[in-house]
1. Being closer than 30 Å to TYR374 by Cβ and in contact with a helix residue (DSSP H, G or I) (Cβ under 7 Å, 6 or more places away or on another chain), is that true of even one residue in the range 229-239?
2. Can you give me the number of residues within the range 57-108 that are part of a strand (DSSP E or B) and either open to solvent by 20 Å² or more (accessible area, probe 1.4 Å) or more than 13 Å from GLU236 (Cβ to Cβ) (or both)?
3. Got a number for residues in the range 278-304 being of a type outside the set (Val, Ile, Thr), modelled with pLDDT under 85 and surrounded by 15 or more Cβ atoms within 10 Å (Cβ to Cβ)?
4. For residues that are closer than 24 Å to GLN78 by Cβ and of a type in the set (Asp, Glu), scanning just the range 254-277, find the one that is surrounded by the fewest Cβ atoms within 10 Å (Cβ to Cβ).
5. What's the number of the only condition in (1) open to solvent by 40 Å² or more (accessible area, probe 1.4 Å); (2) more than 24 Å from ARG133 (Cβ to Cβ) that LEU307 fails to meet?
6. If you take the residues in the range 148-157 that are polar (S, T, N, Q) and in a loop (DSSP other than H, G, I, E, B), which one is least open to solvent (accessible area, probe 1.4 Å)?
7. Condition first: at pLDDT below 80, under 23 Å from the mean Cα position of the chain (by Cα) and surrounded by fewer than 16 Cβ atoms within 10 Å (Cβ to Cβ). Can you find one or more residues in the range 369-381 that meet it?
Amino acid sequence: MKRKLLKQIRNEWRTNVWLAIELLIVSVVMWYIIDNLYTTFSIMNEPRGFDTEHCYLINSSELTDQSPDYIPDQTQEQRTADLLTFIDRLEKRPEIECVALGQNAYFYNGSNSGTLMTCDTFSTSGAGYFVRRYVSPEFPKVFRIHGANGETPEQLSELLENRRGFLISDNAFKRSYGIENMRDFIGKDFFNGASNDTLRLLGAYLPVRYNDYSALEWAVSMMTAYPKEDYTGLTEIVVRVRDNMDTDFIENLMKDADRHFRIGNYYIASVKSFDDIRYIHQRNESTTTRNYIVGVLFLLLNIFLGLLGTFWFRTQQRVPEIAIRKANGATRTDIFRRVIGEGLILLLIITPVAAAFDWVLVYFEINTYYHSAYFEPIRFITCLLVSFALMALMIILGILIPANRAMKIAPAKALMDE
C-alpha cells in the first residue's frame, strides 16, 4: 500500500511539488505562530510569587493648614506616633489579617525605585531593572511571599526586623552569572548604590513577577525594612483581609474612617481593591495581548481554510478515481486510507525541511525571546509537533469531507459525469 502511494506521488510529481511548497510555507508560518503563542501563554502561567487576593491599598493623607482640624507644628515624633496609632487601629479590626507599609513597593504599581547591589565582583547590573522595595517587616505576610529555602512569609517578616539587612529575589544573579540561587551569598555584605551604605543579605525569596505579562526571569528585586521611627517616609498602606470577611470591606472601613481613623492630621483618603489596581495597571497589556491572540487565531483560521480548500478541491477532482476503486471492490476504509495517506505522506516529507527553516528562524533570532534564549529543545520540538498535528488535522478534514461525499455517489453516475 505504502509503496503504491509513493509511486503514485512520484508519478504526479508536478502537482505534488507545488502542493509540497505550499505545505512547506504553511508549516514554517504555523511553527512561528505556535512558538509565539507558546511563549505568551507560558509567561502568563508562570508563578507570580505573590498573592493579591483579599488585599487592599489604603491611601492615607495628612490635613493641610487649609483645614480647620489641622494640628500645626507637629514634631516628627508626634507624626510617627500618630501613624503607629493609625496602623494599630487597622490591625485591631477583626476583618484585617495583617497590615504593612511601603514606598514604591506594592505590586501592579507603575512607580518604582531601583538600585545597584554589589558584593565582591558580583552586582545586579546585568539583571535588568532591579526593583528596590522599602517596606515594613509585615510586607511578606500581606502578599504571602515565600522564601527560596522554604521560609514562610512569617519567617521572612522576622528576618526583615533587622533594619541593617535586606532580602533579595533568588534569581538576582541568574541572568548575569548563571548562578541559580543566592544561597551562597546569604550573610554577606552588599554595597547599596542608592544610599551609599552597606546592607547584609538576610535571606532570599522566590522571585516575584512585576506583573502578569512580564516573564519570571525579569522579576529581580529586593526588600529592605524601615525602622519604626522613619515610618512616616512609607507612603503606602496595604492590608490583607481574612478570606471570609472581605465582603463590603471598603464600604465598612470608610464608614468608620472619620470616627476611628482621624488621628492627628492623618485620615483615610481612599481604599482600593487590588483586583481593581491589577486591572487598571495591566489594561494596556491585556488589550494588546487579547488583540494579538485574536489576530493569531484569525490567521490560523485562514490557514485552515486555505489548506482545507486545497485538499477539498484536490479530492473533488478524484471522484472518478474513487468511483473506479469502489467499483473494483475497495471498501470505504481502503479508499479513505489511500486518499488521506497521500496527504499525510506529503506532510511527512516536507516536515524535516520545514524544521530546517524553523531552525534558521531561531538561529537568526527572529522568533520570540524567552527564558534567556531563542532556542530551547523542548519548546522547539513541542511547537513543531503541535504545528504538525494541526496541519495533519486540516489535511484530514480537507480530504475526509469531500471523500465521504464522493463515496455516496454511484460509480456509474460518477463515471458518466466524467
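The values are calculated or read from the model by the stated rules, or taken from the named source; none is laboratory data. Being a predicted model, the structure only gives us computed values, none of them experimental. Backbone-built Cβ (ideal geometry, glycine too); neighbour counts: all protein chains shown. Please note that ligands, DNA and RNA were not included when accessible areas were found on the heavy atoms of the full protein model with its side chains. Shrake-Rupley method; radii C 1.70, N 1.55, O 1.52, S 1.80 Å.
1. Taking the range 229-239 as the starting set, the residues that turn out to be closer than 30 Å to TYR374 by Cβ are none.
No: zero hits.
2. Of all residues in the range 57-108, those part of a strand (DSSP E or B) come to 57-62, 96-103.
Among the residues that remain, those that are also either open to solvent by 20 Å² or more (accessible area, probe 1.4 Å) or more than 13 Å from GLU236 (Cβ to Cβ) (or both) are: 59-62, 96-98, 103.
Of the residues in that region, 8 qualify.
3. Residues in the range 278-304 being of a type outside the set (Val, Ile, Thr), modelled with pLDDT under 85 and surrounded by 15 or more Cβ atoms within 10 Å (Cβ to Cβ): 2 in total.
4. The first filter runs over the range 254-277 and keeps only residues closer than 24 Å to GLN78 by Cβ, leaving 256-269.
From what's left, of a type in the set (Asp, Glu): 256, 258.
Numbers: ASP256: 12, ASP258: 10.
Among those that are closer than 24 Å to GLN78 by Cβ and of a type in the set (Asp, Glu), it is ASP258.
5. Evaluating LEU307 over (1) open to solvent by 40 Å² or more (accessible area, probe 1.4 Å); (2) more than 24 Å from ARG133 (Cβ to Cβ) leaves (1) as the failure.
6. Per the stated criteria, the residue is THR152.
7. So the first thing to find is which residues in the range 369-381 are at pLDDT below 80, and the list is 371-372.
Then drop every residue that is not under 23 Å from the mean Cα position of the chain (by Cα), which leaves 371-372.
Subsequent filtering for residues that are surrounded by fewer than 16 Cβ atoms within 10 Å (Cβ to Cβ) retains 371-372.
Taking every residue of the range 369-381 in turn, at least one turns out to be at pLDDT below 80, under 23 Å from the mean Cα position of the chain (by Cα) and surrounded by fewer than 16 Cβ atoms within 10 Å (Cβ to Cβ).
Residue by residue, here is whether (1) without any contact (Cβ under 8 Å) to a residue 40 or more places away in the chain; (2) closer than 18 Å to GLY49 by Cα holds:
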position	(1), (2)
THR80	no, no
PHE143	no, yes
LEU167	no, yes
ASP170	yes, yes
ASP184	yes, no
